[in-house]
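In what follows, a structure is listed as structure tokens, so that the remarks can point back to it.
Throughout, read-outs are computed from the coordinates displayed, never taken from laboratory work. As the structure is a prediction and not an experimental result, all values here were calculated from the model. With ideal geometry, Cβ positions are generated from the backbone for all residues, glycine too; neighbour counts draw on all protein chains shown.
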Number of protein chains: 2
Amino acid sequence: MSGFVVFALVLSLSATGSCLGSAPPQPCLAPLQWEGRTVQYDHGTGRNTRASVTYDAQNQRIRVLEQKTGHTPCKKFFEYIYLFKSGVLFQIEEITKQCAKIALTEAWDPYDIPLNSTYEDQYFIGGPGDMIEVQEWSDRKPARKNEAWVGVYTLKDCYPVQETYTKNSSVTTSTRFFDLQLGISDPGVFNPPSTCQSALSEKMTSDC
Amino acid sequence: MSGFVVFALVLSLSATGSCLGSAPPQPCLAPLQWEGRTVQYDHGTGRNTRASVTYDAQNQRIRVLEQKTGHTPCKKFFEYIYLFKSGVLFQIEEITKQCAKIALTEAWDPYDIPLNSTYEDQYFIGGPGDMIEVQEWSDRKPARKNEAWVGVYTLKDCYPVQETYTKNSSVTTSTRFFDLQLGISDPGVFNPPSTCQSALSEKMTSDC
């Protein structure tokens, strides 16, 4: 119990630290492996995409399983296996298991707070007696660059809560994270199915 | 302690209720008076606007005090007093106290979940051992209308966490809520300052 009090005191000192002229808050270290769910909102299309996600920063890979919603009765749903170390993305249609193998052009970009990030804010989400404390960070450079990324992470254990990206003025996505669990219960989800041995080379579209 | 167990059981039954064919979840009743902070993200401009908010649904009024950030050194900041019952908005410049009195054209739209809303999802935000449970609702009508509003509210006590509005394809705003406290500590914030007795009739702009 006394350990708790000391911990709370350290936290409260670090939170008010910038007012006292001491060192500003440092980015926390986000967990390297977790499972959870996400909703990604694309502000261009107005679409919400829900998915189950297995995240493995240790091996630079992510598996995304799209979840059906009531919105789009005739849409196709896909599983995505991103293997950044091999530079390969597998896209698997959920019903037919038809598979496409695509070269990954983007670099690995983990769900974490880069060391050179700008501290924006710290606050509680929720209501009295039922809340979590989070910090908000961005890639803003004061008087030089507006933010193109904003990340909200829990103060305790540094789990992602929300990330917003602005690629250009018209492409913005917000990803919210939830039902997060530490670790990976089934590493087998990163193995593509046998249909990927004779895979298409072009991405499949999700429309009917 | 036994009270807790019963409460958890009721919650878990209501969460799985829709799978068992019983009544779907009903919208909770959001608190009528609170104080807190918000960040409103405008996806058109890419700007985040931070504010202190006093919310009074009982009397259909909201007071918004914009907060300075490091982004915009020469921007003006305003206080807004929305009085929906009188159909009036006061806009007060924070330094000069210059005041504009403007007719309110929008209808009162409380921060709550309308009774005819569509239940979308329920989940935990945060990490293991440090999380809040929330429900997500929208104004989507299955097979008839995409959502133009999505609201995320805490399951316990029904505090707002996030609201996203799409007015048309190009105007989308997301408002996140935090540091919420029940009740209004100073109802005086809804009284406009004396400079509003001889007020401008046009809205002031925030640029330099």
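Taking amide H positions as placed in the peptide plane 1.01 Å from N, state which residues far from residue A:113 in sequence (5 or more) or on other chains have amide H under 5 Å from it.
So residue A:113 has HN proximity to A:30.
Return the sequence-ordered ³J(HN,Hα) values of region B:106-122 in whole Hz as given by the Karplus equation 6.51 cos²θ - 1.76 cosθ + 1.60 applied to θ = phi - 60°, using x for Gly and Pro.
Residue by residue, region B:106-122 yields 6, 7, 4, 10, x, 7, 7, 9, x, 4, 8, 6, 9, 6, 10, 6, 9 Hz.
Under 5 Å between amide H atoms, partner at least 5 residues away or on a different chain: which partners does residue A:206 have, H built in plane at 1.01 Å?
When sequence neighbours closer than 5 places are left aside, there are no close amide H contacts.
Over what distance in Å are the Cα centres of region B:101-160 and region A:83-157 separated?
One Cα centre to the other: 23 Å.
Of B:76/B:167; A:167/A:203; A:167/B:68; A:167/B:101, which sit over 31 Å apart, Cα to Cα? List each step's numbers first, then the result.
Details: B:76/B:167 26 Å; A:167/A:203 21 Å; A:167/B:68 25 Å; A:167/B:101 38 Å.
Pairs exceeding 31 Å: A:167/B:101.
Once both labels are modelled 7 Å past Cα along the beta-carbon direction, what's the residue B:29-residue B:108 spacing in nm?
Each label point is offset 7 Å from its Cα along the Cβ direction, giving 1.6 nm.
Report, ordered by chain and residue number, the aspartates and glutamates lying within cross-link reach of residue A:75, taken as a straight Cα distance under 12 Å and ignoring same-chain residues fewer than 8 apart.
List returned: A:66, A:93, A:94, A:207.
Could you tell me the calculated FRET efficiency between residue B:143 and residue B:86, based on Cβ-Cβ distance and R0 = 35 angstrom, to the nearest 0.05?
Values: r = 41 Å, r/R0 = 1.17.
So the FRET efficiency works out to roughly 0.30.
Using label points projected 7 Å from each Cα along Cα→Cβ, tell me how many nm separate residue A:191 and residue B:203, to one decimal.
It works out to 5.9 nm between the two label points.
GluC sites (Glu not before Pro) within region B:25-127: which are DSSP loop residues with at most 13 other Cβ atoms inside 10 Å? Write out the running numbers ahead of the final one.
Details: sites: B:35, B:66, B:79, B:93, B:94, B:106, B:120; in loops: B:94, B:106.
Passing both the DSSP loop test and the Cβ count: B:106.
Give me a comma-separated list of calculated 3J(HN,Hα) values for region A:42-47, in order, Karplus coefficients 6.51, -1.76, 1.60 applied at θ = phi - 60°, integers in Hz, x for any Gly or Pro.
9, 6, x, 9, x, 9
Is region A:33-197 rounded, prolate or oblate when judged by the Cα gyration tensor, a ≥ b ≥ c being the square roots of its eigenvalues, rounded requiring a/c under 1.5 and prolate requiring a/b larger than b/c? Mind dumping the intermediate values first?
Numbers: a/c = 1.63, a/b = 1.57, b/c = 1.04.
Prolate.
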